[in-house]
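First up is the structure itself, then whatever we jot down about it.
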């Protein structure tokens, strides 16, 4: 459930809302494909953590050269800041909608949610999961009511499952992909499964993997239904009335007159606040896993949270002050594209590690899973390449952009083909492999 939170954070709201308002139900199939990719990758993450005893960041530190480890760590930190930025903007918007607090002050207020995180962490992982589950169920209840008020035409909704994509929808589609399959979630999941007591024997690990698959299937499909609800509500309310919406606050304002129910707007704001706060919890945990795994560096949770939140709050406040509050949804969508661009640097190592028999033993990926993983990685990389090439025309100085693209592709190629450190491939749970 903690992992599923990353699939319904405010960044998802921005991409789902704009996708539904501009293209109706046409991008619903993108959510389906993204969810299937997420199911595969999150299960590979659980497999790596349970069998090897290493989270993804620790495995990268052990199996890649040190310069590559630092590069992967930096890219992962960028994705966490981008996710945190989406949470700051989303929570600021929700506070503005519920209490009329200016968004700049709302963004500053979110800097102090570190106190909430620290209090929750003192009660252990199970209590934290229970609290997050309450947030998720609140979001689901709000959108169940929204769907009831909207009364969608389900035949038209089903038509959105037919794959089709125009050039205008590519940017939003990649944003949906980046928002749905979040890179730091892969790191987090490999660490979370290690909080479970599993005997170091093959039957116990096989049972744990089966139970985890059921958990992941239920939680991610639950998240998919929430994302689909956001897109469907947006399509039925805004696209149907020919009103392309590019701001979460505008969506909130228009829900009441278009649906004829004040409750719709209130539920929208409450669900958005729950989404921002629950995603804050998982973002904090992912940041700790990444720093400790890549750098073997343990710092105070207070300091870690303050640094991460500062890196998100400062640019959010600057953008809101300079560009204005009306640009908030553009910033949200940009954060999701950043996440999508970073995603291959988490997927490629994950697939490589889980395909190593020396590391995974009898739980190594089979041929079908291996090629499905490669296909998922290829889909993400091709989509990102298409986006990058299409975006070159928007930059006046293309030279440095082209240099960044070359560096991006060079690092991606390197982590794909560089030989792993064989001496470090011994599993962390040798008893399990022996059994």
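Sorting 204-212, 42-50 by their mean Cβ neighbour count within 10 Å, with the most densely packed peptide first, gives 42-50, 204-212. Among 4, 300, the order by Cβ neighbours within 10 angstrom, fewest to most, reads 300, 4.
Packing, taken as the mean count of other beta carbons within 10 Å per residue, orders the peptides 367-380, 278-291, 72-85 from highest to lowest as 278-291, 72-85, 367-380. Ordering 416, 262, 354 by the number of other Cβ atoms within 10 Å of each residue's own Cβ, fewest first, gives 262, 416, 354.
Residues 299, 108, 139 in ascending order of nearby Cβ atoms (within 10 Å, fewest first): 299, 108, 139. Per-residue extension of 0.36 nm, minus the Cα-Cα distance of residue 299 and residue 165, leaves a gain of 43.7 nm for this segment. Using a simple spin-label model with pseudo-atoms 7 Å out from Cα toward Cβ, residue 66 and residue 32 lie 5.0 nm apart.
The residue 201 and residue 371 beta-carbon pair, evaluated with R₀ = 25 Å, returns a calculated FRET efficiency of approximately 0.25. Once the Cβ-Cβ distance of residue 147 and residue 78 is raised to the sixth power relative to R0 = 41 Å, the FRET efficiency obtained is 0.70.
Coordinate-derived values only; no laboratory data. Quick caveat, the model's predicted, so the values are computed rather than measured. Neighbour counts run over all protein chains shown; Cβ positions are idealised from the backbone, glycine included.
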